[in-house]
Amino acid sequence: MTKADIVTEISRITGLEKAAVLTTVEKFMEVVKDSMAHGNNVYLRGFGSFVVKTRKEKTARNISRNTTIKIPEHKVPTFKPSKVFLEEVKKES
């Protein structure tokens with residue numbers, strides 16, 4: 001499902017115009033991205049959590065040059081679904 005599909009479905013269910021729904025969906029994504037960029041987690045009860053995790057520094061190998069490189073510690077965004085979300089997906093499978 002794409003963002004356009006989501007907008008169409010929400011518009012169909014709520015009766016709101018697609019333009020208004022698109023603006024709302026885009027602003028939601030912008031708020032989540034901005035919060036996470038500033039190191040804040042986003043918790044949506046019954047849906048899941050968007051969490052910023054820190055990956056430790058590690059050593060990796062560049063196979064083509066046969067050298068080792070250091071990958072510095074960095075932050076990555078992750079999503080952890082809620083129990084309700086997981087149960088719903090498992091039930092549908």
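Some notes on this structure:
- Failed criterion for Val32 (all others in (1) open to solvent by 70 Å² or more (accessible area, probe 1.4 Å); (2) out of contact with any helix residue (DSSP H, G or I) (no Cβ under 9 Å at 6 or more places or on another chain); (3) not in a loop (DSSP other than H, G, I, E, B) hold): (1)
- Selection over the range 35-66 of residues that are surrounded by fewer than 11 Cβ atoms within 10 Å (Cβ to Cβ) and either under 17 Å from Val76 (Cα atoms) or not aliphatic (A, V, I, L, M) (or both) gives a count of 14.
- Members of the range 35-62 that are of a type in the set (Ser, Thr, Tyr) and in a helix (DSSP H, G or I): Ser35
- Given (1) in contact with a helix residue (DSSP H, G or I) (Cβ under 9 Å, 6 or more places away or on another chain); (2) of a type outside the set (A, V, I, L, M, F, W, C); (3) open to solvent by 80 Å² or more (accessible area, probe 1.4 Å), number of the condition Ser11 does not satisfy: (3)
- Taking the range 67-93 as the range and being surrounded by 10 or more Cβ atoms within 10 Å (Cβ to Cβ) and assigned to a strand (DSSP E or B) as the test, the residues that pass are Ile69, Ile71, His74, Lys75, Val76, Pro77, Thr78, Phe79, Lys80, Pro81.
- Selected residue [over 18 Å from the mean Cα position of the chain (by Cα) and either of a type in the set (S, T, N, Q) or outside any loop (DSSP other than H, G, I, E, B) (or both)] from Val7, Val21: Val21
- One residue stands out in the range 18-57 among those that are aromatic (Phe, Trp, Tyr) and without any contact (Cβ under 8 Å) to a residue 24 or more places away in the chain: the one that is nearest to Asp5 (Cα to Cα), namely Phe28.
The values are calculated or read from the model by the stated rules, or taken from the named source; none is laboratory data. Values in this document were obtained by computation on a predicted structure and should not be read as measured data. Neighbour counts are summed over all protein chains in view; Cβ atoms, including those assigned to glycine, are modelled from backbone coordinates with ideal geometry. Ligands, DNA and RNA are stripped out before the accessible areas are found, and what is left, the full protein with its side chains, is counted by its heavy atoms. Shrake-Rupley method; radii C 1.70, N 1.55, O 1.52, S 1.80 Å.
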